[in-house]
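First the structure, in the form of structure tokens, and then the observations on it.
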């Protein structure tokens, strides 16, 4: 995440990864204030066994795109409505409107929960046990909706 003020949102991704039993790192890497750390992290993450990067940022939200420009890994961007944000649209558009050749999967504004699920789904392509957990999770979602419909 670009700042510690992003933690309340980004914590939701961590919670989903924990639910699926997926290990993760949580760190602050600012595209503007710590460019050297950004470059080191992005260029070496795959060498350390990281499989997917979730990058959350508010305002100009350059972090996900810069990570994607450097890293060979899939990057999921989480636009965050920050205190200096233009209702969050600046963050959404900064992450969503990437140039050809530098893709960033983008979730909804403050959508870190979905970023965690998507990261787990990407990893599950090569991890059958994780895929089973995701299928169970989706079955639980289905059961919750059916139960709520019955209670109407």
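The values are calculated or read from the model by the stated rules, or taken from the named source; none is laboratory data. Predicted model only: the values in this text are computed from it and were never measured. Here the Cβ is made from the backbone with ideal geometry for all residues, glycine too, and neighbour counts use every protein chain on show.
Summary of values
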read-out	value
Which listed residue, of 125, 102, 132, is in contact with a helix residue (DSSP H, G or I) (Cβ under 9 Å, 6 or more places away or on another chain), exposed (fewer than 12 other Cβ atoms within 10 Å of the Cβ), under 24 Å from residue 48 (Cβ atoms) and modelled with pLDDT of 95 or more	125
Residue satisfying all of: in the range 85-99; part of a loop (DSSP other than H, G, I, E, B) and farther than 12 Å from residue 6 by Cβ; modelled with the lowest pLDDT among these	86
So residue 27, is it at pLDDT below 95 and more than 24 Å from residue 137 (Cβ to Cβ)	no
Test: residue 1 is in a loop (DSSP other than H, G, I, E, B), crowded, with 20+ Cβ neighbours inside 10 Å, at pLDDT 95 or above and under 13 Å from the mean Cα position of the chain (by Cα)	yes
Odd one out for residue 108, checked against (1) in a helix (DSSP H, G or I); (2) under 17 Å from the mean Cα position of the chain (by Cα); (3) without any contact (Cβ under 8 Å) to a residue 60 or more places away in the chain; (4) within 21 Å of residue 11 (Cα to Cα)	(1)
Test: residue in the range 74-84 that is surrounded by 21 or more Cβ atoms within 10 Å (Cβ to Cβ), over 14 Å from the mean Cα position of the chain (by Cα), closer than 28 Å to residue 19 by Cα and modelled with pLDDT of 95 or more	no
The range 51-76 residues that are in a loop (DSSP other than H, G, I, E, B), paired with ones that are modelled with pLDDT of 95 or more and surrounded by fewer than 18 Cβ atoms within 10 Å (Cβ to Cβ) (beta carbon under 6 Å, 6 or more apart)	52/74; 52/122; 72/46; 73/46; 74/122
Residues satisfying the stated conditions in the range 16-43, i.e. out of contact with any helix residue (DSSP H, G or I) (no Cβ under 7 Å at 6 or more places or on another chain) and either crowded, with 20+ Cβ neighbours inside 10 Å or assigned to a helix (DSSP H, G or I) (or both)	18, 19, 35, 36, 37, 40, 41
